[in-house]
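To keep things clear, I will list the structure first and then write my remarks on it.
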Amino acid sequence: YDGTDPGIVFLTDEVPKEVLDFATKAKQSVLKIEEALKLAKEVNAEVLGFKRGRGIIGGLAAIGEDLSGDHTFEIISYRTVENRNKPRHVQISSVKMMDKSAPLTFNNVDPETGRILITPRGPDPILFGIRGETPETVKNAFELIRIDEPIERWMIFRTNQGTDAHLQKISAIADIRAYNPVIVKGVVSKDPKTIKGGHVIFSIMDKTGEVDCAAYEPTVTLSKMARRLMKGDILKVFGGVRPPFEEKQLTINLEKIRVIELASRILLANPNCPKCGKRMKSMGKNQGLRCDRCSFRSSQLNKIVVIEEREIEKRLYITSPRSQRHLTKPHCRYGKEKIGFPKTLINNWHFP
Ligand SMILES: [Zn+2]
């Protein structure tokens, strides 16, 4: 297909440490094909590339991703050759039913739009994929899906999807580098503004520097929330890093925001009427206050200080499932993180 650069890598025997490190780097930064070819040669891996062959980077990284940390499972079903390029015949109602009855699966349906997320939209050979916490869960969920086209094959994979494997915690804003996704803490230094397209931009800073943060409109949950931030709020932000462009500084493309502290918004308001309790109205500059209900007037009463209630809470906000990246850990996975290799394998994890 256009726009693909397939590659394949074979390595026998133990996976050398350099390849494990390469996998970590591949998730958290950008690597050049030359680096992959050099390492492949050093460790005696066999490589095969088509067109520009950039798939070799991912192939080598996949060998080095031993998933010894957090991991999830995905069952993927494939279409027969004659159906590829045609619309997918997966019954939407069965996906919604499955979503309700399989709590250990995730990102099946977008809750805001009702859009089905298990089917890809491109011309690729995948019919659908269901992600979940255990092989049994995804297989049971798979049985609930009703389809009107044949499945050529299916297989259960152990994956790093939904694990935040790409995000690296850093302690100083000055250490942020383009293309290296981060988790970083800072205080809001520029109030959010909404730009063309409904995107919301604000800045955070710490002792070492300042960085722009962007919540894009497709991530409605996040852009709506980001609009309500204000200077002084303390946040932990999560996301990929876009290089500087058009004289702008580095920008974090937000995937998540954790609100750690909310600044208080202080307003001056008219006091309540001392006679009847209704909020008084101003009669104009230096004209005193008047009550609409009982007509009480006063030129003596002063404005009072009110701490306005904030419309956001101290908690974690995540982009809506339809705009989550493959690796973004969704809300429902928090507390379900796994460590180490599975002790047993499920029987029948592939067909044929
Ligand atoms: Zn009154």
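May I ask you to give the solvent-accessible area per residue for the chain, in square angstrom, as obtained with a 1.4 angstrom probe? Walk me through the numbers before you get to the answer.
Numbers: 20080 Å² over 352 residues.
Ligands and nucleic acids excluded, the figure is 57 Å² per residue.
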Legend entry - Of K96/K338; K27/K314; K207/K236; K51/K86, pairs whose Cα-Cα distance is over 20 Å: K96/K338; K27/K314; K51/K86
Legend entry - Largest to smallest principal axis extent of the C-alpha atoms in the chain, angstrom: 87, 48, 40
Legend entry - Karplus-derived 3J(HN,Hα), 6.51/-1.76/1.60, for each residue of the range 183-188, Hz, glycine and proline x: 10, 8, 9, x, 10, 4
Inset, instruction - Scan around G162 for amide H atoms under 5 Å from its own, H built in the peptide plane at 1.01 Å from N, and keep only partners 5 or more places away or cross-chain. - result: L327, T328
Legend entry - Gained length - E18 relative to I92, 0.36 nm times residue gap less alpha-carbon distance: 22.2 nm
Inset, instruction - Heads up, I need the accessible area for Y78: 1.4 angstrom probe, whole protein in place, Å², nearest 10. - result: 50
Legend entry - Long-range HN-HN contacts of N180 with modeled amide H, under 5 Å: V241
Legend entry - Relative contact order [Cα under 8 Å, 6+ residues apart], the chain, whole percent: 16
Inset, instruction - Return the sequence-ordered ³J(HN,Hα) values of the range 148-156 in whole Hz as given by the Karplus equation 6.51 cos²θ - 1.76 cosθ + 1.60 applied to θ = phi - 60°, using x for Gly and Pro. - result: 10, 7, x, 9, 6, 6, 9, 7, 9
Inset, instruction - Provide the solvent-accessible area of R228, counting protein heavy atoms only and rolling a 1.4 Å probe, rounded to the nearest 10 Å². - result: 90
Inset, instruction - Any chance you could check the Cα centroid distance between the range 233-283 and the range 20-79 for me, in angstrom? - result: 42
Legend entry - Counted charge near I201, where neighbours are those whose Cβ lies closer than 12 Å (Asp, Glu -1; Lys, Arg +1): +3
Inset, instruction - Can you sort L327, L267 by 1.4 Å-probe accessible area, starting with the largest? - result: L267, L327
Inset, instruction - Would you kindly find the accessible area of F50, with a 1.4 Å probe and non-protein molecules such as ligands, DNA and RNA excluded, rounding to the nearest 10 Å²? - result: 110
Legend entry - Zero-based 5 Å bins, Cα pair distances in the range 265-308, whole percents: 6, 26, 30, 21, 12, 4, 0
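The values are calculated or read from the model by the stated rules, or taken from the named source; none is laboratory data. A quick note: this is a predicted structure, and the numbers were derived from the prediction, not measured. Cβ sites come from the backbone with ideal geometry, for glycine too, and all protein chains shown count toward neighbours. Heads up: the accessible areas ignore ligands, DNA and RNA and are worked out on the full protein's heavy atoms, side chains in. Shrake-Rupley method; radii C 1.70, N 1.55, O 1.52, S 1.80 Å.
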